[in-house]
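The structure appears right after this line, and notes come after that.
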Amino acid sequence: MSVLWAMIATLGFSMLFQLRGLPLVAATVNGALGWAVYLAVLALDGSGFAANLGAAFLVTMVAELLTRLRFGTVMAFLIPGLIPLVPGSQIYRAMEMAVRGLPEKGLALGLEAMAIAAAIVAGVVTASSLARISFARRRIQPK
């Protein structure tokens with residue numbers, strides 16, 4: 001059920017990027033796939049860091065591929081696909097704890113949110129770099 005909610009969230013943000021038709025469907029499926037990978041890795045490993053890293057890696061690779069297939073820009077597929085992974089609830093709870101006068105809990109939740117954000121960044125950078133190297137090699141190779 002949560003994959004469906006991730007898909008709906010991705011659909012909404014994809015519409016904000018003015019995607020229509022097949023690119024809209026592709027971006028929506030990309031977000032759902034990312035969330036499914038997140039859930040699978042979380043179930044196997046139990047690590048939120050690894051789950052976000054793997055999901056961000058997949059979402060980025062799919063966004064790069066969709067861009068190469070001329071569906072649109074990388075950002076139009078990447079940002080909506082990453083929306084389900086954003087640690088919004090951890091950030092909210094960290095701020096809530098800080099306001100309630102529980103700075104230790106707030107700091108712990110804030111650091112957790114930062115670790116999740118770092119995992120997302122690492123997944124995006126790694127996948128983007130690998131995609132660019134891979135596609136650059138294809139263009140350089142002689143026929």
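The values are calculated or read from the model by the stated rules, or taken from the named source; none is laboratory data. Quantities reported herein were computed from a predicted structural model and do not represent experimental measurements. Reconstructed Cβ throughout: ideal geometry from the backbone, glycine too, with neighbour counts over all protein chains shown.
Numbers for the structure displayed
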{"item": "Where Thr28 falls short, out of the listed (1) surrounded by fewer than 22 Cβ atoms within 10 Å (Cβ to Cβ); (2) under 12 Å from Ile83 (Cα atoms)", "result": "(1)"}
{"item": "First in region 1-27 and over 15 Å from Leu66 (Cα atoms), second anywhere and assigned to a helix (DSSP H, G or I) and of a type in the set (Phe, Trp, Tyr), Cβ under 8 Å, 6 or more apart", "result": "Ser2/Trp35; Val3/Trp35; Ala6/Trp35; Met7/Trp35"}
{"item": "When residues of region 84-105 are limited to those that are in a helix (DSSP H, G or I) and of a type in the set (Lys, Arg), the one farthest from Tyr38 (Cα to Cα)", "result": "Lys105"}
{"item": "First in region 116-127 and modelled with pLDDT of 95 or more, second anywhere and surrounded by 15 or more Cβ atoms within 10 Å (Cβ to Cβ) and outside any helix (DSSP H, G or I), Cβ under 7 Å, 6 or more apart", "result": "Ile116/Pro87; Ala117/Pro87"}
{"item": "Subset of region 50-78 that is β-branched (Val, Ile, Thr) and either at pLDDT below 95 or within 14 Å of Ala119 (Cα to Cα) (or both) - its residue that is surrounded by the fewest Cβ atoms within 10 Å (Cβ to Cβ)", "result": "Thr73"}
